[in-house]
Amino acid sequence: MEALKEKTIRAGAARLAGQLGRSVLRLGSIIVLARLLDPTDFGIVAMVTVLTGVFEIFASGGLSAATIQKPQISDQQVSALFWFNMLLGVMLALLCFAAAPLVAEFYGEPRSGLVLAAMAPAFLFSAAGVQHVALLQRHMRHATLSAIEVASEAVSALIGIGMALAGWGYWSLVGAALALPLVVTIGAWATTRWVPGFALRGTDIGSMLRFGGTLTANNLVVYGGYNSEKLLLGRYFGADALGLYSRIYELINLPTRIINSAFGSVTFAALSRVQSEPERFRSYFLKGYSLVLSITLPATIVCAILADDLILVLLGPKWTDGAMIFRLLAPTILVFGIINPFAWLLQSSGLHRRSLHLAFVIAPLAMVSYLIGIPYGPNGVALAYSVAMTLWVVPHVLWCLHGTPISVRDLLPTIVRPLIAGIAAGGAAAVVQHLVGSIDYPIVRLAIAGMAMMTVYLWVLLFVMKQKDFYFDLLRGLMKSGNLALTPQTNQRA
């Protein structure tokens, strides 16, 4: 148990460090490109990424999760999954070319069709690395994976910024998008040194395909529910409005993406290993859940209360119209901080079909909210979406916990403690923001209010809520795990 615990802590630390590095690069890219390009440039690419996001879900086929989740897996099975992923990648690349004229006609924007055709190679790059990345996750080589992801983000940012400086406009975003999966795949092949085989006769991957198919259906439904508003905004309000909304949406989702990437794969792998031991399973999940919430709440507070200064500092004056969208979407950071970890709970315990059933409820709920908000433009969509997701939290939690080793009584303390600290910190941030309102520099106002918020939050969480021992224990475990030698996985076989 201690070995797995230490591996999990160390892997989580590696993922968090990697995601922080990656997010700094991503945020830097957003800041620079927002000043080099116009909202319309982002809107043209966003018209296409609504569709390519769907294709990306099919590119993996849910088979990376199948490789991680299966207790025992052979080299031949992973090889079979690799070639299945490649087949999907080829089909999706061809589909990009076929759909390009239809996309251009739908939006009334010829440039969107050209962008979609140019994005086709990305699916070949991505498909070629799905199983190699999954092997790194399966063997908890998260430090290696984090290094690859940081390198890919750096290369992508440099290409995007370089092309933007050279005057390529929206094509700089396409170049950055193509570079990302290519570098990840090259890095994953180089570090696993695993080469797929061809002798696949008699390989039994039926159960894994069914598992992956269920996850793909789940992801597809959820993606459609969470992204169809971009289709509507692009169709009825044009590239400029969509560019503004999509850039704000990406920024507001950055904390959620960091947290999911940092803790998701680590927690999923650890929970999968102890799925037959209810007490350990409960302990691992609750600790991970508490950590996720304690990180999510400060991000929510900053985005909700300090939105105006945050947009000025990050994106610049020409994006100030997005501050209200940003503030209206801020509650979704907390909502997803609360509900997203349950995907790890359900999938690791073999309840992935319930995730699909949940998706069939969430997607229509989100879509209805978009239809309600779309007559009022981006602000209306943001408000309706946030309200709908907030109302869904309690039913989602109760449904996910049913029939699992974790009860509502187990979960409530992990939610209440950081929530109380967050309320106190939010009040402090609002007061300090009012007091420093006369300062001319937004970055100074943001820094002062942010520091006051974090000081109050940590004091209440660690001392008033008496969570100091929990986090110090986590820190001691991390320091102890630094002496744990994780065997290098060279020439790794499945």
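Over the Cα atoms, compute the radius of gyration (one decimal) and Dmax (the largest Cα-Cα distance, rounded to a whole number) for the chain, in Å.
Rg then Dmax for the chain, in Å: 22.3, 73.
Using R₀ = 30 Å, calculate the FRET efficiency as 1/(1 + (r/R₀)^6) where r is the Cβ-Cβ separation of residue 31 and residue 387; round to 0.05.
FRET efficiency, residue 31 to residue 387: 0.50.
Any idea what Rg and Dmax come out to for the range 390-482 if you just take the C-alpha atoms, in Å?
According to the Cα coordinates of the range 390-482, Rg and Dmax are 17.9, 55 Å.
Which order do the peptides 420-431, 146-157, 436-447 come out in when sorted by mean C-beta neighbours inside 10 angstrom, highest first?
Details: 420-431: 19.2, 146-157: 21.2, 436-447: 13.7.
Highest to lowest by the protection proxy: 146-157, 420-431, 436-447.
Using a Förster radius of 30 Å, what is the FRET efficiency between residue 419 and residue 54 based on their Cβ-Cβ separation? Nearest 0.05, please.
With R0 = 30 Å, the Cβ-Cβ based efficiency is 0.30.
For Cα pairs less than 8 Å apart in space and 6+ apart in sequence, what is the mean separation divided by the residue count of the range 211-485, i.e. the relative contact order in percent? Don't jump to the answer; show the numbers that get you there.
Numbers: 296 pairs, mean separation 65.9, N = 275.
Taking the mean separation of contacting Cα pairs over the length of the range 211-485, I get 24 percent.
Across the range 437-450, in residue order, what do the Karplus-derived ³J(HN,Hα) couplings come to in whole Hz, using 6.51 cos²θ - 1.76 cosθ + 1.60 with θ = phi - 60° and x for Gly and Pro?
Listing the rounded values in order: x, 7, 6, 6, 9, x, 5, 6, 4, 5, 5, 5, 5, x Hz.
Mind checking the dipole of the chain: about its Cα centre, +1 per Lys or Arg Cβ, -1 per Asp or Glu Cβ, Debye to the nearest 20?
On the way: 34 positive and 23 negative charges, 271 e Å.
My answer is approximately 1300 debye.
Only helical DSSP H runs with n ≥ 4 go in: add -39500 (n - 2.57) per run for the chain, normalise by residue count and round the 222 nm mean residue ellipticity to 500 deg cm²/dmol. Before the final figure, lay out the partial values.
On the way: 21 runs with 402 residues, N = 494.
For the chain, the value works out to -28000 deg cm²/dmol.
Determine the gain in length on full extension of the stretch residue 368-residue 466; use 0.36 nm per residue of separation and subtract their C-alpha separation, reporting nm with one decimal. Don't jump to the answer; show the numbers that get you there.
Numbers: separation 98, 0.36 × 98 = 35.28 nm, distance 4.17 nm.
This chain segment gains 31.1 nm when fully extended.
Sum up the charges of everything whose Cβ sits under 11 Å from the Cβ of residue 234, counting Lys and Arg as +1 and Asp and Glu as -1, but leave residue 234 out. Before the final figure, lay out each step's value.
Working: positive: 230, 235; negative: 109, 229, 240.
With Lys, Arg at +1 and Asp, Glu at -1, the net is -1.
Kindly state, to the nearest 0.05, the FRET efficiency for residue 189 paired with residue 401, given R0 = 30 Å and r defined as their beta-carbon distance. Walk me through the numbers before you get to the answer.
Values: r = 40 Å, r/R0 = 1.34.
The formula returns an efficiency of 0.15 here.
Tell me the Kirkwood hydrodynamic radius of the range 211-485 in angstroms, computed as one over the mean inverse distance between distinct C-alpha pairs. Write out the running numbers ahead of the final one.
Numbers: mean 1/r = 0.0499 Å⁻¹.
Every distinct Cα pair counted, the radius reaches 20.1 Å.
Output wanted: per-residue J couplings in Hz (rounded whole) for the range 83-94, from phi through Karplus 6.51 cos²θ - 1.76 cosθ + 1.60, θ = phi - 60°, x for Gly and Pro.
Running phi through 6.51 cos²θ - 1.76 cosθ + 1.60 with θ = phi - 60° gives 5, 5, 4, 5, 4, 4, x, 5, 4, 6, 4, 5 Hz.
Compute the relative contact order of the chain as a whole-number percentage, counting only Cα pairs closer than 8 Å that sit 6 or more residues apart in sequence.
The normalised contact order for the chain reaches 21 percent.
Mind ordering 322-330, 274-282, 450-458 by average Cβ neighbours within 10 Å, highest first? Numbers along the way, then the final one.
Details: 322-330: 23.0, 274-282: 15.1, 450-458: 18.6.
Ranked from most to least packed, the peptides come out as 322-330, 450-458, 274-282.
Any read-out appearing in this document is the output of simple, stated calculations on the displayed coordinates, not a laboratory observation. This is a predicted model, so every value here is computed, not measured. No Cβ is skipped: glycine too gets one built from the backbone with ideal geometry, and neighbour counts run over all protein chains shown.
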